[in-house]
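Comments concern the structure below.
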Amino acid sequence: MCNQPPKPARVPKDGPGPRGAPDCYYMSRQLNSTFRYANFVKKLRAEEEKELVAKKIRLQESQDMWRRELFKSSDRKLRDLFKKEEEENIKKFVEQSQAGVELVWRDKMNRLDYLLEKRKKEQEEKYKDTPLSKCAHVLTDIYKMRCKEAQEIQLYQVKEREMKKMAEKEFEKMWHEVALKESEALARFFLIAFRKLKQNRCRVTKHRQAFSRGGDTSLLTPHRQPSGSPQKPPLPTPPKPFYFRLMGLDPKPSPLAQRQAGAAYDSRLHCGSNVRDRQLRVLSEACGLI
């Protein structure tokens, strides 16, 4: 015993402890949490046993209740069956005892049905050829139907009048819009025609003034640049005068022919041979454009 070597000292172990965190503990020592864990497991198992016992008790009680209800319902059904059988037996006894009376009653009912059918046929034959106005039992229904038809006709007539009024209003509104658009288009046309007429009048007066100077055509021909100056691009030739195109004359007639053509065109404008131009002139004068 004395020669035994001494036991090595307990060296603490460093590393992750039982809770997962880094810790320094001895391997041979028992943790304080193991006792608490054992107590917790004991309590948990005791609670589970209690719950199992309570569950069994509840299941037994529910089965007992179900059996009790089943027995009650079966007893009730048996009582009902017995009652029905008793009633049927009583009816059979009564029918057997009153068989003769029932036969007499059945004959009476058959006779009554026959008489009712016969009366119905006689009434149908009687009222077959008579008009409805002489049938007193039908007049009330006819009057009611006529009243309903009259009310429906009145309602239909009222709705038809309202629809006619609405259609007339829509038609008047549409024609009013058409008339407004037509008047706008006519006013625009008159304005454009008056502008054209005014431009033509101004052009004619310019040409008349140019030709009244002794055949000066400087307004119609472009000016020539001197030979020393740089050449500019030639101006476009002016269009043929309007009254020349109207009268079918040559664009370069003699001064006398030009004066005669201008006077003829002017007299045509003033005398009113062209009805549309005269109407435009009268309308423009009335509107204060001239």
**OP:** Rounded to the nearest 0.05, what FRET efficiency do Q157 and A99 give with R0 = 41 Å and r taken as the Cβ-Cβ distance? Could you check?
**Re:** 0.05
Subject >> Which of R68, R203 has the fewest Cβ neighbours within 10 Å, and the rest in rising order >> reply: R68, R203
Original post:
Which ³J(HN,Hα) values in Hz, rounded to whole numbers, follow from the phi angles of segment 195-201 under the Karplus curve 6.51 cos²θ - 1.76 cosθ + 1.60, where θ = phi - 60° and Gly and Pro get x?
Top reply: 5, 4, 4, 5, 4, 4, 5
Original post:
What list of ³J(HN,Hα) couplings, whole Hz, do you get for segment 180-194 from phi and the Karplus terms 6.51, -1.76, 1.60, once you set θ to phi - 60° and write x for glycine and proline?
Top reply: 4, 5, 5, 5, 5, 5, 5, 5, 5, 5, 5, 5, 5, 5, 5
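Given R₀ = 35 Å, what would the calculated FRET efficiency be for A38 paired with L59, taking r from the Cβ atoms and rounding to 0.05?
Working: r = 32 Å, r/R0 = 0.91.
E(calc), rounded to 0.05, equals 0.65.
Computed from the coordinates by the stated procedures, all read-outs in this text should not be read as laboratory data. Please read all numbers here as calculations on a predicted model, not as lab measurements. So basically every Cβ, Gly included, is an ideal-geometry build from the backbone, and we count neighbours across all protein chains shown.
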